[in-house]
1. Please go through region 106-121 and pick out each residue that is within 25 Å of residue 37 (Cα to Cα) and either modelled with pLDDT under 95 or out of contact with any strand residue (DSSP E or B) (no Cβ under 6 Å at 6 or more places or on another chain) (or both).
2. Kindly provide the set of residues from region 36-71 that are farther than 26 Å from residue 105 by Cβ, outside any loop (DSSP other than H, G, I, E, B) and more than 18 Å from the chain's Cα centre (by Cα), ordered by number.
3. List the pairs whose first member sits in region 97-124 and is on the phi > 0 side of the Ramachandran plot and touching a residue at least 60 places away in the same chain (Cβ under 8 Å), whose second member is part of a helix (DSSP H, G or I) and surrounded by fewer than 18 Cβ atoms within 10 Å (Cβ to Cβ), and whose Cβ atoms are under 8 Å apart, counting only residues at least 6 apart or on separate chains?
4. Looking at region 173-205, which of the residues that are crowded, with 18+ Cβ neighbours inside 10 Å and touching a strand residue (DSSP E or B) at 6+ places or on another chain (Cβ under 7 Å) is nearest to residue 140 (Cα to Cα)?
5. Working only within region 118-152, note down all residues that are crowded, with 24+ Cβ neighbours inside 10 Å and under 16 Å from residue 54 (Cβ atoms).
6. Can you pull out the residues in region 225-251 that are on the phi < 0 side of the Ramachandran plot and assigned to a loop (DSSP other than H, G, I, E, B)?
7. Please determine, by comparing only the residues of region 163-177 that are under 30 Å from residue 246 (Cα atoms) and in a helix (DSSP H, G or I), which one is nearest to the chain's Cα centre (by Cα).
8. Got a number for residues in region 25-45 being in contact with a helix residue (DSSP H, G or I) (Cβ under 6 Å, 6 or more places away or on another chain) and at pLDDT 60 or above?
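The values are calculated or read from the model by the stated rules, or taken from the named source; none is laboratory data. The structure displayed is predicted, hence computed values, not measured ones. Ideal geometry is used to build each Cβ from the backbone, glycine not excepted, and the neighbour counts take in all protein chains shown.
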């Protein structure tokens with residue numbers, strides 16, 4: 001009897017928590033005491049034009065559009081410069097700040113397929129975590145996205161979603177729920193990535209470098225107290241490059 005009750009209560013609590021997170025995030029997003037930072041386009045060409053061309057599509061949310069970050073310090077450009085040691089990299093960003101997984105499918109997927117990249121950098125999930133997308137729904141969308149992309153690219157790097165409870169703009173009661181939601185979305189990403197041998201996931205929790213987000217938030221976050229700073233993007237790039245090493249032989 002208790003087990004039957006819990007199976008009803010736990011999903012209800014999870015849905016309620018997700019809704020509360022979403023409502024509080026909307027309030028936090030409009031704090032008048034903090035600046036609003038513009039999204040950016042990290043697209044560009046990197047490396048020796050005589051080297052083999054490598055087409056890289058960047059898809060996702062504001063972790064790609066890098067508000068408040070010196071553009072050359074954004075993680076996607078750092079990855080592009082790393083790859084440019086061997087290739088002439090054409091980085092083409094399709095990312096839109098605020099995107100959830102279903103938005104990437106609706107507004108970015110078709111253009112990515114048309115571009116026919118050898119490598120896709122995909123960063124999405126944080127907005128799903130913060131805006132209450134059910135975990136199963138997110139996982140289904142992530143799988144749909146990869147199923148559509150893989151026939152048109154050689155490899156996909158899927159960035160993880162880290163500890164959203166460290167975001168300074170969020171109030172303390174909300175941080176615990178944001179942390180749980182971020183962890184759940186990150187695990188969903190891991191499950192999806194494990195189903196495909198041409199997809200790798202970047203670490204977002206385990207490496208010691210992530211500690212800066214909780215221990216030195218002024219260094220890790222941009223002026224808006226929400227998006228990652230230049231230093232935060234350096235860590236994003238570090239983990240992305242580490243993951244990409246596992247799939248470079250497929251490019």
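1. 106, 107
2. Of everything in region 36-71, those that are farther than 26 Å from residue 105 by Cβ, outside any loop (DSSP other than H, G, I, E, B) and more than 18 Å from the chain's Cα centre (by Cα) turn out to be 45, 46, 53.
3. 116/152
4. Residue satisfying both the conditions and the ranking: 189.
5. 119, 120, 121
6. 226, 227, 229, 245, 246, 247, 251
7. 164
8. Residues that pass the stated criteria total 3.
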